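To start, the structure itself, in structure tokens.
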Amino acid sequence: MTPQGAAGARDIPFIDGLREIADRYEAILCDGWGVLIDGKRHFPQAAEALRRFRAKGGTVVVITNASRPDDDVRRQLLGLGVPQDCFDDLASAGELALREIVARKGQAVYHLGPARDDGLFREAARRLGAPVMRVGPDAADYVVCTGLLNERNETPADYDELLARLMARDLTMLCANPDIVVAIGNDLVYCAGALAERYAAIGGRVLTFGKPHAPIYAAALARLEGLRGRKIEKSRILAIGDGAFTDLAGAGRAGLDLLFILHGVHHEELHPEGGGLDEAALESLFVRAGARPKALARELFW
């Protein structure tokens, strides 16, 4: 089945539900924000699709650019109503950033982000057995960016002066969430990746831990191997995501098939003025991402 107006994507199957391709795979790496939750609620039909995949013997690891430790992300998912039985484990960008903070023991850090992400530093202190030295931008040895201080009322341009100060001191930025924007309910807000992108554009050094970069896929695949008790052939692993430049690009680099969810972060771009699917916009996403999905779906259903 091909969605109306998607002639340029006829080489990519458009599926009505995961059941149509589930038998090809024994494991799934599923995006969290945009596929399973929107920050305010979970999507029951997506959770049910993952639960049914697991019931058939499959393994599911949620792979997310959330800038929080794995345990905090798990609590967030469950708090939004995501059933525990729809996934086996998760791998977050925040967890990988946390490990880098721990590895920089003895260095002072400037946190560029909202206070709600302080759990990253509390967990680092717990693992270190001592508080993390948190200082202002002019005394720091490095920066951890988890997002804008007030993403509802600010834009990345508001941070140009601060980023220039950090650049003048040649500070490395750890980007704990590479997403440029994310949907919270019906609103799109900027994420840490937007600030990291701006910092890199003026010559700043950035270490990025989430999708589309290799470290988070290595971590997720290691989780799968531990859960299955053996290495899984990549052809038997399906990634699911709604972000062209994170999920699609990352899966492509990792050599994984991807089920691309259309009604996610790119929904307005792909459906201008609330109309049908824009073929040119879809093809443009694929070209810019440097990868093509294995299949398309409007949302994740069984």
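Values quoted throughout were computed directly from the atomic coordinates according to the rules given, and no laboratory measurement underlies them. As the structure is a prediction and not an experimental result, all values here were calculated from the model. We place every Cβ from the backbone using ideal geometry, glycine too, and count neighbours over all the protein chains shown.
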Q.
At a 10 angstrom cut-off on C-beta neighbours, averaged per residue, how do the peptides 59-70, 22-33 rank from highest to lowest?
A. 59-70, 22-33
Q) In which sequence would 160, 11 go, from the one with the fewest C-beta neighbours within 10 Å to the one with the most? A) 11, 160
Q: Please report, in debye to the nearest 20, how large the charge dipole of the chain is about its Cα centre when each Lys and Arg carries +1 at its beta carbon and each Asp and Glu carries -1 there.
A: 1200
Q | Simple spin-label estimate for residue 125 and residue 150 in nanometres, 7 Å along Cα-Cβ | A | 2.6
(Q) Compute, for region 194-275, the length of the dipole vector about the Cα centre, with Cβ point charges of +1 (Lys, Arg) and -1 (Asp, Glu) only. Units Debye, rounded to 20. (A) 660
Q: Please count, across the chain, the pairs of lysine residues with Cα atoms under 28 Å apart that sit 8 or more places apart or on different chains.
A: 11
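Taking loop as defined by DSSP and a crowding limit of 16 other beta carbons within 10 Å, which trypsin sites (Lys or Arg not before Pro) in region 148-228 fit?
When the trypsin sites (Lys or Arg not before Pro) of region 148-228 are filtered for loop state and at most 16 Cβ neighbours within 10 Å, 152, 169, 205 remain.
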Q: Indicate the gyration tensor shape class of region 1-160 (rounded, prolate or oblate), computed on the Cα atoms with a ≥ b ≥ c the square roots of the eigenvalues: a/c under 1.5 is rounded; otherwise a/b larger than b/c is prolate and the rest oblate.
A: prolate
Q.
When a/c reaches 1.5 or more, the comparison of a/b and b/c decides; with that in mind, is region 215-302 rounded, prolate or oblate per its Cα gyration tensor?
A. prolate
Q | Whole-angstrom gap from region 248-302 to region 84-126, using each part's C-alpha centre | A | 29
Q: Return, ordered by residue number, the residues of region 274-290 whose backbone nitrogen is under 20 Å from a label point located 7 Å along Cα→Cβ of residue 21.
A: 277-290
Q: Assuming a ≥ b ≥ c are the square roots of the Cα gyration tensor eigenvalues, decide whether region 106-208 counts as rounded (a/c under 1.5), prolate (otherwise, with a/b larger than b/c) or oblate.
A: oblate
Q) How much of the DSSP beta bridge set in the chain is antiparallel, as a percent to the nearest 5? A) 15
Q: At 18 Å minimum axial length over the Cα atoms and a Kyte-Doolittle cut of -1.0, report the qualifying DSSP H helices in the chain, or say none.
A: 214-228
